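Chemist: The following block contains the structure, expressed as structure tokens.
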Amino acid sequence: MSESTRENALRLTLLRRSGLWEKAAARIRRLSGKRTDDAADATAIADDYRMLAHDVAKVRRLLPDSRAREYLEATYAQAHASLHRPAWHPGYAVLHLFRDDIPAVMRWLGPHVFWATVLFILTVVAGYWMVHTYPDLIALFASPELIATVERGQLWTEGLLNVVPSSVLSLQILTNNIVVSLFAYCAGFLFGLGTVYVLGLNGLMLGAVFAFTGLHGLDDDLFRFVVAHGCVEISVMCLSGAAGAAVGEALIRPGTATRAESFQRAALQSGKLILACVLLLVGSGLIEGYISPNPTFSLRARIAIGLGYWLFMIALLNGWLFRFRRLKSAATA
Amino acid sequence: MDRTSDLAVDSVTGVDVALPVAGPGARSFAFLIDWTIRTILSVAWYVVAAMVHNASWSLAAPLTPDAGWFVFVVAPPATIYFLYHPVWEVATRGLTPGKRTAGVQIVSRDGGAPSVGALLTRNVFRLVDSFPVAYALGLLTALFTRNNVRIGDLAAGTLLIYTRNDATLARFPGRQLDASSAEVLSELLRRWPALDSMARRRIAATILADAPAETDAELRLQLENLTKETQ
């Protein structure tokens with residue numbers, strides 16, 4: 001038998017299996033995207049996958065530019081996706097995220113959080129020193145309206161609720177804070193330099209504004225305004241910066257992996273922490289809209305709220321809030 | 001099909017799965033459709049809610065906007081606009097109406113459905129991809145990376161592939177042909193314009209000789225006409 005006759009015979013034998021391919025394709029379409037507990041369906045789709053793999057290998061050699069190949073490749077890819085789609089349990093995924101994943105990320109990011117916090121504190125001190133020593137430098141960090149208000153002996157936050165309702169204020173603040181936090185994280189893509197810039201700029205601004213209000217005897221009022229929401233807000237800023245720095249470090253020092261793989265791993269890991277940060281900023285925004293500008297709250301109450309929310313953040317990020325579920329599971333087992 | 005743009009994914013069967021990677025054109029097409037949909041929805045919500053809130057045909061914000069204006073008129077369109085992608089993608093594991101229309105889908109690098117974390121990460125990085133305007137950085141990255149991915153996809157370990165739901169076996173409706181004959185005919189028709197008349201006549205004669213007796217009359221007539229075709 002000549003080579004071409006043999007090849008033609010193989011092609012015809014392969015194409016006669018098209019009925020099986022169509023049955024497999026129909027079954028895959030029926031089962032894809034659906035939840036099923038039927039063992040027969042699972043077995044059938046696994047058999048289809050094996051059969052399609054066998055025929056794809058043959059069609060690639062025997063009929064490389066045919067519609068049969070296109071059809072088989074597509075069906076094989078669909079079977080692969082259906083078989084490898086992980087089960088989706090939203091409740092368990094959320095529990096797993098807050099109980100196991102985020103605490104693990106926090107442990108991994110420990111050194112980054114430390115250095116981001118050190119950087120932030122240093123820039124706060126630097127900003128404070130600069131404006132305290134050279135008050136005119138406040139023009140670099142604050143708007144002319146803010147400067148004029150403070151020079152009149154008032155804080156820009158006074159009477160805020162008379163101008164904007166709490167709900168509006170909360171939404172504006174939390175949106176702004178979330179964008180800044182995400183920006184601090186994403187800026188890590190620039191080899192960590194963007195994160196350093198965002199953290200440094202915010203630290204300088206905070207220190208400068210405190211120094212400027214201090215020069216006009218308003219620093220106590222500013223502290224009174226900031227303390228309820230600021231503890232978590234500033235901590236989240238440092239956490240986002242730490243996550244961004246980890247992404248930057250992954251790009252600078254990929255280790256044994258490729259730069260792309262290292263970047264991807266760092267981004268996926270630290271992204272989980274960013275999700276928690278966004279949720280914390282929602283609470284922080286609500287406090288800043290409803291409690292911070294409201295003069296009826298005493299300083300003691302504000303400190304208690306600020307400290308309490310900060311402790312809640314620590315418990316959330318370390319998985320302590322969900323630990324009872326693990327203990328319960330262990331006891332049941 | 002351009003086989004050079006396929007991504008080969010390892011499979012337990014030992015036969016790689018070939019995923020056809022979507023290029024910047026398909027990505028942009030999908031994005032434009034999604035952008036149009038979310039813009040229309042957001043604007044429609046704003047227009048209707050503003051008229052209801054103002055109790056008039058006016059769309060302008062009040063001089064002193066109250067909480068109701070912000071919560072019912074401003075916040076929902078902003079939410080629709082900014083959360084459109086993450087919500088659709090998480091709910092459908094990698095599809096949006098635009099992607100469905102463009103025939104593309106987000107998958108992880110192993111060809112499976114991407115995790116929720118990956119989908120959220122690729123959306124967070126839209127902040128970077130959208131720099132400086134109109135997703136210019138994302139488009140440039142998609143043009144110059146191997147799998148045509150933007151920075152968000154690099155971070156999340158995802159890529160866009162063609163779904164190829166339209167792939168079919170060769171079919172000739174009304175003709176009683178088995179799969180092998182249909183495939184041969186399909187291939188022949190594809191190459192027909194490039195063949196010279198001698199080759200066309202020879203092939204037609206061969207098909208006619210091999211055609212089963214029950215081949216329908218119209219097809220048999222067309223084949224006979226081909227064998228008589230003059231140059």
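Chemist: Just to be sure I understand, how many residues within segment A:126-179 are loosely packed, with under 15 Cβ neighbours inside 10 Å and either among the hydrophobic types (A, V, I, L, M, F, W, C) or assigned to a loop (DSSP other than H, G, I, E, B) (or both)?
Modeler: Let us first name the residues in segment A:126-179 that are loosely packed, with under 15 Cβ neighbours inside 10 Å, namely A:129, A:133-134, A:136, A:139-140, A:143-145, A:148, A:151-154, A:158-159, A:162-163, A:176, A:179.
Subsequent filtering for residues that are either among the hydrophobic types (A, V, I, L, M, F, W, C) or assigned to a loop (DSSP other than H, G, I, E, B) (or both) retains A:129, A:134, A:139-140, A:143, A:148, A:152-154, A:158-159, A:163, A:179.
The total comes to 13.
Chemist: Would segment B:41-57 turn up any residue that is away from every other protein chain (no Cβ under 14 Å), closer than 27 Å to B:Asn148 by Cα and either in a helix (DSSP H, G or I) or hydroxyl-bearing (Ser, Thr, Tyr) (or both)?
Modeler: No: segment B:41-57 contains no residue that is away from every other protein chain (no Cβ under 14 Å), closer than 27 Å to B:Asn148 by Cα and either in a helix (DSSP H, G or I) or hydroxyl-bearing (Ser, Thr, Tyr) (or both).
Chemist: Sticking with this one: Would you mention how many residues in segment A:123-157 are of a type in the set (Ser, Thr, Tyr), closer than 20 Å to A:Arg224 by Cα and at pLDDT 95 or above?
Modeler: Residues of segment A:123-157 of a type in the set (Ser, Thr, Tyr): A:123, A:128, A:133-134, A:143, A:149, A:157.
Now drop any that are not closer than 20 Å to A:Arg224 by Cα, which leaves A:128, A:149, A:157.
With the extra rule that they be at pLDDT 95 or above, the set shrinks to A:128.
Number satisfying all stated conditions: 1.
Chemist: Could you identify the single residue in A:Leu146, A:Leu160, A:Leu174, A:Leu155 that is more than 18 Å from A:Asp221 (Cα to Cα), assigned by TED's automatic domain parsing to the domain that holds A:Arg259 and not charged (D, E, K, R)?
Modeler: Numbers: A:Leu146 fails: more than 18 Å from A:Asp221 (Cα to Cα); A:Leu160 fails: more than 18 Å from A:Asp221 (Cα to Cα); A:Leu155 fails: more than 18 Å from A:Asp221 (Cα to Cα).
Exactly one residue qualifies, and that residue is A:Leu174.
Chemist: Of the conditions (1) surrounded by 14 or more Cβ atoms within 10 Å (Cβ to Cβ); (2) assigned to a helix (DSSP H, G or I), B:Thr13 clears all except one; give me its number.
Modeler: (2)
Chemist: In addition: Being surrounded by 15 or more Cβ atoms within 10 Å (Cβ to Cβ) and more than 9 Å from every other protein chain (Cβ to nearest Cβ) is the filter here; which residues of segment A:9-24 pass it?
Modeler: A:Ala24
Chemist: Of the residues A:Asp48, A:Asp101, A:Asp55, which single one is charged (D, E, K, R), modelled with pLDDT under 95, farther than 22 Å from A:Leu20 by Cβ and crowded, with 18+ Cβ neighbours inside 10 Å? It would help to see each step written out before you state the result.
Modeler: On the way: A:Asp48 fails: farther than 22 Å from A:Leu20 by Cβ; A:Asp55 fails: farther than 22 Å from A:Leu20 by Cβ.
It is A:Asp101.
Chemist: Which one of these is surrounded by fewer than 18 Cβ atoms within 10 Å (Cβ to Cβ), facing chain B (nearest Cβ under 8 Å) and at pLDDT below 85: A:Pro90, A:Pro86?
Modeler: Unique residue meeting the criteria: A:Pro86.
Chemist: Which of the residues belonging to segment A:212-224 are more than 15 Å from A:Gly127 (Cβ to Cβ) and in contact with an Asp or Glu (Cβ under 9 Å, 6 or more places away or on another chain)?
Modeler: Here is the first cut: in segment A:212-224, the residues more than 15 Å from A:Gly127 (Cβ to Cβ) are A:216-218, A:220-221, A:223-224.
Once the filter is applied, which keeps residues that are more than 15 Å from A:Gly127 (Cβ to Cβ) and in contact with an Asp or Glu (Cβ under 9 Å, 6 or more places away or on another chain), segment A:212-224 yields A:His216, A:Asp221.
Chemist: Condition first: more than 9 Å from chain A (Cβ to nearest Cβ), surrounded by 19 or more Cβ atoms within 10 Å (Cβ to Cβ) and part of a helix (DSSP H, G or I). Now tell me which residues in segment B:130-151 satisfy that.
Modeler: Passing the criteria: B:Gly138, B:Thr141, B:Ala142.
Chemist: Being over 21 Å from the mean Cα position of the chain (by Cα), assigned by TED's automatic domain parsing to the domain that holds A:Arg107 and either assigned to a loop (DSSP other than H, G, I, E, B) or surrounded by 23 or more Cβ atoms within 10 Å (Cβ to Cβ) (or both) narrows it down to one of A:Ala246, A:Ala242, A:Ala267, A:Ala208, so name that one.
Modeler: Details: A:Ala246 fails: over 21 Å from the mean Cα position of the chain (by Cα); A:Ala242 fails: over 21 Å from the mean Cα position of the chain (by Cα); A:Ala267 fails: over 21 Å from the mean Cα position of the chain (by Cα).
After ruling out the rest, the residue left standing is A:Ala208.
Chemist: Could you list all residues from segment A:269-278 that are facing chain B (nearest Cβ under 7 Å) and in contact with a helix residue (DSSP H, G or I) (Cβ under 6 Å, 6 or more places away or on another chain)? Outline the logic, then answer.
Modeler: We begin by selecting, within segment A:269-278, every residue facing chain B (nearest Cβ under 7 Å); these are A:271-272, A:274-275.
Of everything in segment A:269-278, those that are facing chain B (nearest Cβ under 7 Å) and in contact with a helix residue (DSSP H, G or I) (Cβ under 6 Å, 6 or more places away or on another chain) turn out to be A:Gly271, A:Lys272, A:Ile274.
Chemist: Next question, about the same structure. Looking at B:Val73, B:Val104, B:Val21, which one is in contact with a His (Cβ under 9 Å, 6 or more places away or on another chain), buried (at least 17 other Cβ atoms within 10 Å of the Cβ) and at pLDDT 90 or above?
Modeler: Values: B:Val104 fails: in contact with a His (Cβ under 9 Å, 6 or more places away or on another chain); B:Val21 fails: in contact with a His (Cβ under 9 Å, 6 or more places away or on another chain).
Just a single option satisfies the conditions, and that option is B:Val73.
Chemist: Same structure, new question: State which residue pairs qualify: first residue under 10 Å from A:Leu199 (Cβ atoms) and inside segment A:117-137, second residue surrounded by fewer than 19 Cβ atoms within 10 Å (Cβ to Cβ) and not basic (Lys, Arg) in any location, beta carbons under 7 Å apart, and separation of 6 or more residues or different chains.
Modeler: From residues that are under 10 Å from A:Leu199 (Cβ atoms), the pairs are A:Leu119/A:Gly200; A:Thr123/A:Gly200.
Chemist: Let me ask something additional. Any idea which residue in segment A:104-125 is nearest to the chain's Cα centre (by Cα), counting only those that are more than 25 Å from A:Met205 (Cα to Cα) and either within 14 Å of another protein chain (Cβ to nearest Cβ) or surrounded by 12 or more Cβ atoms within 10 Å (Cβ to Cβ) (or both)? Working first, answer last.
Modeler: First, pick out the residues of segment A:104-125 that are more than 25 Å from A:Met205 (Cα to Cα): A:104-110.
When the remaining residues are screened for being either within 14 Å of another protein chain (Cβ to nearest Cβ) or surrounded by 12 or more Cβ atoms within 10 Å (Cβ to Cβ) (or both), the result is A:104-106, A:108-109.
Working: A:Ala104: 14, A:Val105: 11, A:Met106: 13, A:Trp108: 15, A:Leu109: 14 Å.
Among them, the one singled out is A:Val105.
The values are calculated or read from the model by the stated rules, or taken from the named source; none is laboratory data. Keep in mind that this is a model prediction, so the values were computed, not measured. Every residue, glycine as well, gets a Cβ built from its backbone with ideal geometry; the counts of neighbours run over all protein chains shown.
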